[in-house]
Amino acid sequence: TQAPVNVTVTGAAGQIGYALLFRIASGQLLGPDTPVKLRLLEIPQAVKAAEGTAMELDDGAFPQLAGIDIFDDPKQAFSGTNIALLVGARPRTKGMERGDLLEANGGIFKPQGEAINAGAADDIRVLVVGNPANTNALIAKSHAPDVPADRFTAMTRLDHNRALAQLSKKLDVPVSEIKRLAIWGNHSATQYPMITHGTVGGKNLAEAVNDQKWVEETFIPTVAKRGAAIIEARGLSSAASAASAAIDHVYTWVNGTAEGDWTSAAVISDGSYGVPEGLISSFPVTAKDGKYEIVQGLEIDDFSRTRIDATVGELAEERDAVQKLGLI
Ligand code: NAX
């Protein structure tokens, strides 16, 4: 029998944690035959709530759930971990400036990066979900110099899935027919969902849509502002869809993309497409042999260039801000 894979989840008592942990325990993160050991990290005040979730996980009687441990210390939580899902973060509260937000998150992601560097397993893979996700991933990566930089990623798969859903409705086709979409840049309102190289049922997606006005005035803003629309409707931010996207991100990372298709993930830039090297930016990516790789050689039209430059510019500003604060 296979040794269990250690999966650390931070923010385990939060709303994404609540949706995510049951999906992991049921075998959807790595596949139905892989046993999983959960390591939950919370702040001391939320440990009790995490214990409640752990009781419910026990009560799910999941065959592949090999154990649950709860910690309030990152060093312990990341010890021996193979997959780390960094969900817990400091949200922006009313009147908070961006600098304060970045600084508060630096206080979370710096020690977590250090703990990953010190004690995680050699095959550690990190997905940052907690916002500002790209820059939080950059902070964590900067404090884990012994871990290969490509093991730090941030989540734009929810944006990717949101884009799929909008296109599926617009064209009245199943999501499974739509391939080669790409989210570029930051997981923020500046992100650029690109359909130029997409396909639907084997034909070019942009040609099938054939409505640039809809793309610019409806599709892009709907995808980029979907989080706000969910809050408006639900009174709470997206949780189950975010958890589902996190499952998709890791499952694809480990098991690969289908031949001829790609997906979106924020990964460390190697300078491709003029995105400054070292930024954690979303790209079209394929996954093979447990590695995400940036899709190369795509032609970027003028409209896409302007959008990509804007969202990447925002990432560069965030990087400069955390550099100034001494967080990277
Ligand atoms: P909640 O506020 O429900 O839960 C966050 C949890 O994190 C809390 O239980 C809190 O105690 C815990 N936490 C705080 N600091 C911690 C630390 N240092 N170590 C461990 N745990 C800590 O938020 P939730 O709705 O679950 O969202 C979590 C994060 O995901 C937020 O930052 C949110 O902005 C972000 N999102 C990111 C998305 C993405 O696509 N990348 C989409 C969904 C979501 O908005």
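Inspection of the stretch 37-46 identifies at least one residue that is away from the ligand (no atom under 16 Å from the Cβ), surrounded by 12 or more Cβ atoms within 10 Å (Cβ to Cβ) and either in the same structural domain as residue 11 (by TED's automatic domain parsing) or modelled with pLDDT under 95 (or both). Among the residues making up the stretch 147-167, those that are open to solvent by 10 Å² or more (accessible area, probe 1.4 Å) and more than 12 Å from the ligand (Cβ to nearest atom) are 147, 148, 149, 150, 151, 164, 165, 166. The one condition from (1) farther than 17 Å from residue 237 by Cβ; (2) open to solvent by 10 Å² or more (accessible area, probe 1.4 Å); (3) within 16 Å of the ligand (Cβ to nearest atom) that residue 19 does not meet is (1).
Please verify whether residue 82 is more than 18 Å from the chain's Cα centre (by Cα) and either touching a residue at least 12 places away in the same chain (Cβ under 8 Å) or open to solvent by less than 30 Å² (accessible area, probe 1.4 Å) (or both), treating the condition exactly as stated. Answer is no for this residue. Strands (runs of 3 or more DSSP E) fully within the stretch 254-328 that include at least 2 residues being touching a strand residue (DSSP E or B) at 6+ places or on another chain (Cβ under 7 Å) and farther than 21 Å from residue 140 by Cα: 280-288. Taking the listed residues 77, 61, 144, the one that is small (Gly, Ala, Ser), open to solvent by less than 40 Å² (accessible area, probe 1.4 Å) and out of contact with any strand residue (DSSP E or B) (no Cβ under 7 Å at 6 or more places or on another chain) is 144, with no other qualifying. All of 33, 59 fail the test of being modelled with pLDDT under 95 and away from the ligand (no atom under 14 Å from the Cβ), apart from 33.
When only residues in the stretch 107-141 that are within 20 Å of residue 321 (Cα to Cα) and surrounded by fewer than 24 Cβ atoms within 10 Å (Cβ to Cβ) count, which is farthest from the ligand (Cβ to nearest atom)? Among them, the one singled out is 110.
The values are calculated or read from the model by the stated rules, or taken from the named source; none is laboratory data. The shown structure was predicted, so the numbers you read here are calculated from the model rather than taken from an experiment. As a convention, Cβ positions derive from the backbone with ideal geometry for all residues, glycine included, and neighbour counts pool all protein chains shown. Note: accessible area is taken over every heavy atom of the protein model, side chains too, but ligands, DNA and RNA are not part of it. Shrake-Rupley method; radii C 1.70, N 1.55, O 1.52, S 1.80 Å.
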